[in-house]
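J.: My structure is below; once you've seen it, I'll send some questions.
Any read-out appearing in this document is the output of simple, stated calculations on the displayed coordinates, not a laboratory observation. Nothing here was measured: the structure is a model prediction, and the numbers come from that model. Cβ: placed from backbone, ideal geometry, glycine included. Neighbour counts: every protein chain shown.
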Amino acid sequence: MTSNTAQQDAAVADKSILANSAYADGRHLAARQSIYRWQQPQYDLPGIVLEELAGTSGIVLDIGCGNGKFVSRLHKDRPDLQGVGMDISAGILADVEKPVLVADAQALPFADDSADAVLALHMLYHVSDIAATIKELARVLRPGGVLIASTNSDTDKQELDRLWARAAGDILGISEGPARVSLSSRFSLEKAPGYLSKEFGAIRLRELPGVIEVTDPDPIIAHLASYEAWAEQCCVPFNETVSRAHDIVASTIETEGSFKITCRGGILTCRF
């Protein structure tokens, strides 16, 4: 029998869910991004990516660019670079600065050795064959080119995992409910170097630890609700669980003054 985790992993990489539900527009992604406004220390992620591109000229492909947070900054601060945004979802590209292209990361419409840099930011866990996709990203890179990837640790936001399990358990009338869907676990910071080292000889990891502290439940609930596309894989009434999570967070804030979430993300800069 297929485990719940295996079902969740398959759904995280399901192209139909990604293009038509999870990222049909930028709403859910924006909710997940917005929670970092309450993180300390603050990181300028697009700025860090630009730092890593300091010695790069030519063509930069932003694969799985989503709502364009990174490629838009690229156009603004490095107009000398030819930035191209790509995503499997046409809907989420609607408001992204051109040029953009609907494309599958596993079969890029670019020739060998045609790009000077490739960005794969918080997206490699969404492809069905991670190793083959990294090989495809390497294929389009010129000698001397750079791949910049990002993801989260297996220990990232564990407080939200516990919150979800408790809320789901309360709804189901059991001590602990099913785990929430994890997006990054298929390509976490712990797993990423093993995948990337098959194509790249030099990999540098910049870890980005922090703590999110909120005094209002709404940012946390918006974050949890943004997983709605994978509600079926949660094996629990989704909206009821989100509502119960709100009550738990509100109670914690009332008694402890805030709700804290420990974050651990990172950026990997890879060269041949």
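J.: Kirkwood hydrodynamic radius for region 83-220: how many Å is it when counted over pairs of different Cα atoms?
T.: About 17.5 Å, per the Kirkwood formula over Cα pairs.
J.: At a Förster distance of 25 Å, what's the computed FRET efficiency of Gln82 paired with Leu205, Cβ-Cβ distance as r, to 0.05?
T.: Once the sixth-power term is evaluated, E becomes 0.35.
J.: Using every alpha carbon pair in region 53-117, what percent of pairs falls into each 10 Å bin from 0 up to the bin containing the largest distance?
T.: Calculated P(r), rounded to whole percents: 23, 55, 22, 0.
J.: Would you please name the trypsin sites (Lys or Arg not before Pro) within region 83-163 that are DSSP coil residues with at most 10 other C-beta atoms within 10 Å of their C-beta?
T.: Answer by residue number: there is no such site.
J.: Could I ask something else about it? I need to check one value: relative contact order of region 4-271, counting alpha carbon pairs closer than 8 Å and at least 6 residues apart, in percent.
T.: It comes to 23 percent, rounded to a whole number.
J.: In square nanometres, what is the average projected area of the Cα convex hull of region 4-271?
T.: Convex hull of Cα atoms, orientation-averaged projection: 13.4 nm².
J.: Kindly express, to the nearest 10 degrees and within the range 0 to 90, the angle between helix 158-172's C-alpha long axis and the longest C-alpha principal axis of the chain.
T.: 40 degrees
J.: Right, next: Excluding residues fewer than 8 places away in the same chain, name every one of the lysines whose C-alpha is closer than 19 Å to that of Lys198.
T.: Lys135
J.: Per residue of the chain, what 222 nm ellipticity follows from adding -39500 (n - 2.57) for every DSSP H run with n ≥ 4, rounded to the nearest 500?
T.: -10000 deg cm²/dmol, from helical runs alone.
J.: So for Asp87, Asp170, Asp80, Asp25, fewest C-beta neighbours within 10 Å to most, what's the order?
T.: Asp80, Asp25, Asp170, Asp87
J.: Just want to confirm a number: the relative contact order over region 93-197, from Cα pairs under 8 angstrom separated by 6+ residues, in percent.
T.: After rounding, I find 27 percent.
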